[in-house]
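Visitor: Right, I'll just put the structure down here and ask away after.
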Amino acid sequence: LTALTELHLVQTEVGDEGVRALAANTALTELQLNFTKIGDEGLKALAALPVLSSLGLGYHAALADRFFSDAGLRALVFFPALDKLVLPSFIDLELRAALSRRISHVSG
């Protein structure tokens, strides 16, 4: 699986431990983790993906608990290749603006 470039794990039970295991696959360019249990530690682990350019973290607040914090999301500005990010719709507008200054396409 080390050559895998795209992975969609939408609506799964994947959390921080699973994401840490995924981080060994440094060829990943797109990762969809909408409606999962990824938290701040999982977000930090994703920083090991040097070519990750698209990341989906969206979900509807009424349907899921939030597992990551604003601080965890702020760490995404340090991801070197990230240019597309899908966030939950309820993310603070100030945080969304800060992420948009570094990441070309922020939606959700």
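Visitor: Would you kindly state how much longer the chain becomes between Val10 and Glu94 on full extension, computed as 0.36 nm times their sequence separation minus their alpha carbon distance, in nm to one decimal?
Guide: Taking Val10 through Glu94 to full extension adds about 27.6 nm, to one decimal.
Visitor: Just order 15-27, 87-99 by mean Cβ neighbour count inside 10 Å, highest at the front, would you?
Guide: So the peptides 15-27, 87-99, ranked by packing, come out 15-27, 87-99.
Visitor: With r defined as the distance between the Cβ atoms of Arg102 and Ala47 and R0 fixed at 22 Å, what FRET efficiency is calculated, to the nearest 0.05?
Guide: 0.95
Visitor: Could you work out the relative contact order of the chain? I mean the mean sequence separation of Cα pairs under 8 Å and 6+ apart, divided by the number of residues, in percent. Working shown, then result.
Guide: Numbers: 210 pairs, mean separation 25.0, N = 108.
That works out to 23 percent.
Visitor: Next question, about the same structure. Considering only protein heavy atoms and a 1.4 Å probe, what is the carbon-and-sulfur percentage of the accessible area of region 18-108?
Guide: 57
Visitor: Output ³J(HN,Hα) for region 75-88: one whole-Hz value per residue in order, computed from phi by the Karplus curve 6.51 cos²θ - 1.76 cosθ + 1.60 with θ = phi - 60°, and x for Gly and Pro.
Guide: Karplus-based 3J(HN,Hα) across region 75-88 equals 5, 5, 5, 8, 6, x, 9, 5, 10, 9, 9, 10, 10, x Hz.
Visitor: If you don't mind, there's one more thing I want to ask. Show me 2-11, 31-40 ranked by packing, highest mean number of other Cβ atoms within 10 Å first. Before the final figure, lay out the partial values.
Guide: On the way: 2-11: 12.0, 31-40: 20.3.
My ranking of the peptides, most packed first, is 31-40, 2-11.
Visitor: Ranked from highest to lowest mean number of other Cβ atoms within 10 Å per residue, what is the order of the peptides 44-55, 67-78?
Guide: Ranking the peptides 44-55, 67-78 by packing returns 44-55, 67-78.
The values are calculated or read from the model by the stated rules, or taken from the named source; none is laboratory data. These figures come from a predicted structure and were not determined experimentally. Cβ: placed from backbone, ideal geometry, glycine included. Neighbour counts: every protein chain shown. What goes into the accessible areas is simple: the full protein's heavy atoms, side chains included, and nothing from ligands, DNA or RNA. Shrake-Rupley method; radii C 1.70, N 1.55, O 1.52, S 1.80 Å.
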